[in-house]
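Just below is one structure, and these are the notes that go with it.
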Amino acid sequence: MPLDQAEAIVLRTYNFGEQDKIVVFFSREKGILRGIAKGARKFGNRFGSSLEPMSSVRVFYYEKERKDLVTINSCDLLRSFFDLQRDLRTSFTLSYFAELVEEFVPARTREDLLFRLLLSILETLDLKGDLGFLSRYFEAWLLKINGFLPDLKRCKKCRLSLTGGGWLSAKKDGAYCADCAPLKKEGVPPEVGFFLGWAKKNPPPKAGDILPFSPAELESVRKTLQTILIFHLEKEPKTLAFIK
Ligand SMILES: [Zn+2]
């Protein structure tokens, strides 16, 4: 069997049998990759801290034909984001990101853009970037990369500019003005469209950068983006309950 390798971020691990772990990786080259790390629960095992959630790693593995799980041979730690886990809210938020990636990324497909997004969010958080702002930034880009981010700046039907706000469509693929909205259930305040326009053009803000949106505006953005995410997932992410 040839030894394969991939640059990856560890999304999560869970115990398997007496001594092993199953590791879910998000790899730059192959999307979601699930592997078995034999002996990873033994004291002083060869994996060290490389399997901690959100570690940036280079993983070496063997792939068996017709098997979903690869066998992990070794894992080199490229960058640890372990310090981020010390803050409970950050830690829960990272689990939420991991769940979203696992849900949205198909197995064995290259997802370079999303991979770079997650890595850049981790690096920015490590530089004490704003957790709430970066969460909205991540959600917006995750939707955009998957083709689920609607144009919320103009009415889907009459193209009227929604600078005064609008109403989210039933299939979450756009927003309507007050005249065109068939039902006025989920309001989209204008700041949501402004935020999405901003996020498209700017890198994630670092610590010390002046944030162009207030906490109240970011709260509107959160509501709309999570409504769209939940619609496409057809369920609420399990990890969302911890960060509400
Ligand atoms: Zn309209």
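The values are calculated or read from the model by the stated rules, or taken from the named source; none is laboratory data. Just so we're clear, the structure is a prediction, and the values are computed from it rather than from any experiment. Here Cβ is always computed from backbone atoms with ideal geometry, including for glycine, and neighbour counts include all displayed protein chains. Areas reflect the complete protein model, heavy atoms only, side chains present, ligands, DNA and RNA absent. Shrake-Rupley method; radii C 1.70, N 1.55, O 1.52, S 1.80 Å.
Summary of values
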{"read-out": "Qualifying positions in segment 18-38 - open to solvent by 10 Å² or more (accessible area, probe 1.4 Å) and part of a strand (DSSP E or B)", "value": "D20, K21, R34, I36"}
{"read-out": "Pairs with Cβ under 8 Å, 6+ apart, first in segment 193-214 and in a loop (DSSP other than H, G, I, E, B), second surrounded by 11 or more Cβ atoms within 10 Å (Cβ to Cβ) and of a type in the set (S, T, N, Q)", "value": "P203/S120; P204/S120; P204/T124; P205/T124; K206/T124"}
{"read-out": "Unique match (being at pLDDT 95 or above and surrounded by fewer than 16 Cβ atoms within 10 Å (Cβ to Cβ)) among K235, K184", "value": "K235"}
{"read-out": "In segment 163-177, residue farthest from the ligand (Cβ to nearest atom) [restricted to those that are part of a strand (DSSP E or B) and open to solvent by less than 20 Å² (accessible area, probe 1.4 Å)]", "value": "L168"}
{"read-out": "G44, sole failed condition from (1) open to solvent by less than 60 Å² (accessible area, probe 1.4 Å); (2) on the phi > 0 side of the Ramachandran plot", "value": "(1)"}
{"read-out": "Every residue from segment 4-17 that is buried (at least 16 other Cβ atoms within 10 Å of the Cβ) and over 23 Å from T109 (Cα atoms)", "value": "F16"}
{"read-out": "So D173, is it among the acidic types (D, E) and under 16 Å from H232 (Cβ atoms)", "value": "yes"}
{"read-out": "From the options K157, K128, residue that is open to solvent by 10 Å² or more (accessible area, probe 1.4 Å), closer than 24 Å to K244 by Cα and either part of a loop (DSSP other than H, G, I, E, B) or within 16 Å of the ligand (Cβ to nearest atom) (or both)", "value": "K128"}
{"read-out": "Qualifying residue in segment 72-91 (condition: touching a Leu at 6+ places or on another chain (Cβ under 6 Å) and either within 16 Å of the ligand (Cβ to nearest atom) or over 24 Å from E29 (Cβ atoms) (or both))", "value": "yes"}
{"read-out": "Odd one out for C180 among (1) within 13 Å of the ligand (Cβ to nearest atom); (2) under 21 Å from F231 (Cα atoms); (3) assigned to a loop (DSSP other than H, G, I, E, B); (4) not aliphatic (A, V, I, L, M)", "value": "(2)"}
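Conditions (1) part of a loop (DSSP other than H, G, I, E, B); (2) more than 13 Å from the chain's Cα centre (by Cα); (3) modelled with pLDDT under 95; (4) not basic (K, R), marked per residue:
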{"position": "Q85", "(1), (2), (3), (4)": "no, yes, yes, yes"}
{"position": "Y96", "(1), (2), (3), (4)": "no, no, no, yes"}
{"position": "E99", "(1), (2), (3), (4)": "no, no, no, yes"}
{"position": "T109", "(1), (2), (3), (4)": "yes, yes, yes, yes"}
{"position": "F115", "(1), (2), (3), (4)": "no, no, no, yes"}
{"position": "L119", "(1), (2), (3), (4)": "no, no, no, yes"}
